[in-house]
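Trainee: The structure that follows is given in the form of structure tokens.
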2 protein chains.
Amino acid sequence: MRIFGIDPGMTRCGIGVIDAKDSASGTFRSADSLRLYKAGVIRTDTSLAQDERLRKIYDGIDSWLNACKPDVMAVERVFSQENRHSVLGTAQVAGLALLLANQHTIPVSLHTPTEVKATITGFGQANKQQIATMVAKFLKLEVQIKPADASDALAIAITNALKPPINAYKM
Amino acid sequence: MRIFGIDPGMTRCGIGVIDAKDSASGTFRSADSLRLYKAGVIRTDTSLAQDERLRKIYDGIDSWLNACKPDVMAVERVFSQENRHSVLGTAQVAGLALLLANQHTIPVSLHTPTEVKATITGFGQANKQQIATMVAKFLKLEVQIKPADASDALAIAITNALKPPINAYKM
């Protein structure tokens, strides 16, 4: 199972791709089974027009999807309560990710920042450094993934991998 | 000059297309020269998943662009200050419109709601009924365009048509 995580952003859009194995019983996925596949960042310059930036991000995610051929996509959910200047741009990039998941026929789910932090560190208010430390531990890496946007995207993919599969609730 | 106006929205995305002629001197465009080409609404059901809704709107705008072959696109600017629940979805649809403008190599500009209202009615706080009345007058229509989303999209296209062209500032 290849999981494609996206930390949406207009200036830096983090991409983190991991492979995860189902347990023999198929009811849960062990953190031991997680492996880094690829991670990076799609950047666009603030001097470009907005339509040009969105096109570059769309083409960039599309290329990543064609290269990685993931089974599922996981995107960080954006909230309008966040009163950052950049929130609408972030929402637009998340929208492109959802569009591309649909165009590539990849199931997609959204995870809240609190859910990601709690899954990765056990603490819903964890900072970026804690996230980066735990992502490296989960993926058995000797060095941390940088920049933080790539590490955050891996955290989203790991969250998706470790959440209980739907059939676990049916038992 | 064919102008493609978009009033972005996830449940109802208004589309309004007009034709406008440059004046003989080329420095301004007369309101008399405006003609309705086509208007309508792309709807998506709230019961659909978000990726499915974005895909339908993307495909819908794409079909309209292929059918109308506009020269320019005009999109209403979305503000994060609007504390509506739907603001992020509206921003995502505006993002798809910008992406499609770039993919179709159509110049695109954004217009604020206040700019549109002031251009169409002379009053930046005009209501939807005033907008619909004035859109019908500008386009010499005997009946108003409905629903309001289609009329609003025409108002955005008209605003784009009547704004001074760039070379007017150079005189």
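The values are calculated or read from the model by the stated rules, or taken from the named source; none is laboratory data. Not measured: the values here are computed from a predicted model. Cβ coordinates were reconstructed from backbone atoms using ideal geometry, including for glycine residues, and neighbour counts include every protein chain displayed.
Trainee: So residue A:40 ticks every box in (1) within 12 Å of chain B (Cβ to nearest Cβ); (2) surrounded by fewer than 20 Cβ atoms within 10 Å (Cβ to Cβ) but one. Which box is left unticked?
Mentor: Result: residue A:40 fails condition (1) only.
Trainee: Another question, then. From A:49, A:67, A:97, which residue is within 30 Å of residue B:56 (Cα to Cα), surrounded by fewer than 19 Cβ atoms within 10 Å (Cβ to Cβ) and within 11 Å of another protein chain (Cβ to nearest Cβ)?
Mentor: Of A:49, A:67, A:97, the one residue that is within 30 Å of residue B:56 (Cα to Cα), surrounded by fewer than 19 Cβ atoms within 10 Å (Cβ to Cβ) and within 11 Å of another protein chain (Cβ to nearest Cβ) is A:49.
Trainee: Condition first: part of a strand (DSSP E or B) and either under 14 Å from the mean Cα position of the chain (by Cα) or free of Cβ contacts under 8 Å to residues at least 40 places away in the same chain (or both). Now tell me which residues in the stretch B:27-50 satisfy that.
Mentor: B:36, B:37, B:38, B:39, B:40, B:41, B:42, B:43
Trainee: Which ones in the stretch B:70-94 are part of a loop (DSSP other than H, G, I, E, B), facing another protein chain (nearest Cβ under 9 Å) and within 13 Å of the chain's Cα centre (by Cα)?
Mentor: B:78
Trainee: Additional query: Out of curiosity, is residue A:98 within 14 Å of the chain's Cα centre (by Cα) and under 24 Å from residue A:43 (Cβ atoms)?
Mentor: yes
Trainee: Another question, if that's okay. In this structure, is residue B:142 part of a loop (DSSP other than H, G, I, E, B) and of a type in the set (Asp, Glu)?
Mentor: Yes.
Trainee: A further question on this structure: Only one of (1) more than 11 Å from chain B (Cβ to nearest Cβ); (2) surrounded by 13 or more Cβ atoms within 10 Å (Cβ to Cβ); (3) at pLDDT 95 or above fails for residue A:102. Which number is that?
Mentor: Failed condition: (1).
Trainee: Condition check: farther than 21 Å from residue A:59 by Cα, buried (at least 24 other Cβ atoms within 10 Å of the Cβ) and in contact with a Ser or Thr (Cβ under 8 Å, 6 or more places away or on another chain). Does residue A:120 satisfy that?
Mentor: The answer is yes for residue A:120.
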